[in-house]
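> Below are the structure tokens for one structure; questions will follow.
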Amino acid sequence: FFFLMIRRPPRSTQSRSSAASDVYKRQPWWDCSKFGWISKIEENFNVIRQELLELKGQKGFQPYRAPSWASKIKAIDGVGGMSHDSGEWNIFYLFLHDMKFEENCQKCPKTVQIIEQFMPRHYHHAFFSAVTPNTHITKHHGPTNKKLRLHLPLMGIDGSRLRVASETKEQETGKCYIFDDSFEHEAWHDGKDTRIILIVDLWHPDLSDEEVKFLGLLQKAKMRFEKRISEQSEDKDNFYSIIETSKGLIQSNDWWTINEKELKESYEQGNNQNGETEKKLE
């Protein structure tokens, strides 16, 4: 019942009125001060960024891809479709629609712990999102407004802009932002270095814990069914097959450029914070 009430806005930047709009607050950008746990995420910014930097020489990032029918931009290598028309967009998944990327999570144990400890109503959808200079992520919107999206810019943020509905913001490193991604949004990165942010989806705050539990069970059942169907289908242009195929498309991290000043600052701040953070996360 609840999932029928919660609908995405149409392709315009403003959503039409629905049963959901009378119950669940709908706005493009949200005030982070209304979320008491946000300070805990920002306090651990350097811990998260330090774990991110340790991924530089490892595998795990993969190009963002979706089924080809979901995008007008077809990938040159033939694996699904893309949501950017310039530059590169690579993803390091931790959780994807309740599917845990175990190997990736093992490489970022503190980041995963921070998400699970301080964000108890996270949507089990979290990842590092990296775009190279001169990348444009085309306008799009998420499938539902029963969740919100958190951005924590980690590095290379200079020259980046994010538009949600009619308002465009230049984000700051280490500061959290929350928006409703069911509104149309797009992003640009005109900086000199690779921009990387942590993205975590959250259940809508107007949903009760009972509703979240119910909707979570529905989501898990739906994903299990879709995964079973995709495994049996000969057509590999589906969500699960494309995610799996995309894992092997990046052979090196040459696309990842880092500002030396930002790198030095990160290591200095990370080393200073590690001892205190270990105690907070115990």
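> Which aspartates and glutamates have a Cα less than 19 Å from the Cα of Lys139, not counting those fewer than 8 places away in the same chain?
Straight-distance partners of Lys139: Asp85, Glu88, Glu167, Glu170, Asp180, Asp181, Glu184, Glu186, Asp190, Asp201.
> Among the lysines, which fall within straight-line cross-link reach of Lys40, defined as a Cα-Cα distance under 17 Å, with same-chain neighbours fewer than 8 residues apart omitted?
Answer for Lys40, where 17 Å is the Cα cut-off: Lys110, Lys175, Lys279, Lys280, listed by chain and number.
> Residues of the chain: accessible area per residue at 1.4 Å, in Å²?
Details: 14160 Å² over 282 residues.
It amounts to 50 Å² per residue over the chain.
> Separate question: Could you please state how large a percent of the accessible area of the chain is carbon and sulfur, counting protein chains only and using a 1.4 Å probe? Show your work: numbers first, answer last.
Values: 7050 of 14160 Å².
That fraction is 50 percent.
> Below 20 Å, Cα to Cα, which lysines can Lys227 reach? Residues fewer than 8 away in the same chain don't count.
The qualifying lysines are Lys100, Lys236, Lys247.
> Here is a further query. Relative contact order for the chain using alpha-carbon pairs under 8 Å, separation at least 6, rounded to a whole percent? Don't skip to the answer; put the middle values down first.
Working: 518 pairs, mean separation 69.4, N = 282.
In percent, rounded to a whole number, it is 25.
> Let me ask you something else. Which ³J(HN,Hα) values in Hz, rounded to whole numbers, follow from the phi angles of the stretch 89-95 under the Karplus curve 6.51 cos²θ - 1.76 cosθ + 1.60, where θ = phi - 60° and Gly and Pro get x?
After applying 6.51 cos²θ - 1.76 cosθ + 1.60, I find 10, 10, 10, 10, 6, 9, 10 Hz.
The values are calculated or read from the model by the stated rules, or taken from the named source; none is laboratory data. Keep in mind the model is a prediction, meaning the values are calculated, not measured. Just so you know, the surface numbers come from the protein's heavy atoms only, side chains and all, with ligands and any DNA or RNA stripped out. Shrake-Rupley method; radii C 1.70, N 1.55, O 1.52, S 1.80 Å.
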